Amino acid sequence: MADKSEIVPENVPGKYYVDKTCTPCHTCMEVANAATLLKYNEDETYVYFHKQPATPEETVIAEDALAICPTGAIGNDGE
Ligand code: SF4
C-alpha cells in the first residue's frame, strides 16, 4: 500500500499520489489515457500525478492505475 509520507515531490496536491516505491515498471502508463494524469519525472525514474482526476472518467483512469500497479506505489488517500 502506498505511503503518503513517502510521496514523490512532483505530485500535484490531492487525493491521488505516487510514492517512492515506483520502480518505474511502466504498467500504469498502459492504462487508456493514463497520460491525462500521470507522467514520468525528468530522468524517468518514477511517475507522478501531474493532474488530479476532475471527472468520473479521469477517476476511472486513476483507479485503474492504482489497481494495476504491481508495487502498490499509487495511493488514493492523499490531501
Ligand atoms: S505501475 Fe506503479 S510501479 Fe509501475 S510505473 Fe506505475 S506507479 Fe510506478
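The values are calculated or read from the model by the stated rules, or taken from the named source; none is laboratory data. Just so it is clear, the structure is predicted and the values come from calculations on it, not from any experiment. With ideal geometry, Cβ positions are generated from the backbone for all residues, glycine too; neighbour counts draw on all protein chains shown. Protein only, heavy atoms only, side chains kept; ligands, DNA and RNA dropped before computing areas. Shrake-Rupley method; radii C 1.70, N 1.55, O 1.52, S 1.80 Å.
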Would you mind stating whether Thr23 is within 7 Å of the ligand (Cβ to nearest atom), open to solvent by 30 Å² or more (accessible area, probe 1.4 Å) and not aromatic (Phe, Trp, Tyr)? yes
Go through the residues of the stretch 35-54 one by one and say whether even a single one is surrounded by 14 or more Cβ atoms within 10 Å (Cβ to Cβ), among the hydroxyl-bearing types (Ser, Thr, Tyr), out of contact with any Leu (no Cβ under 8 Å at 6 or more places or on another chain) and assigned to a loop (DSSP other than H, G, I, E, B). yes
Here is a list of conditions, (1) in a helix (DSSP H, G or I); (2) buried (at least 17 other Cβ atoms within 10 Å of the Cβ); (3) near the ligand (Cβ under 9 Å from one of its atoms), and Ile61 meets all of them except one; can you say which number that is? (3)
Which of the residues spanning the stretch 64-79 are open to solvent by less than 70 Å² (accessible area, probe 1.4 Å) and among the hydrophobic types (A, V, I, L, M, F, W, C)? Ala65, Leu66, Cys69, Ala73, Ile74
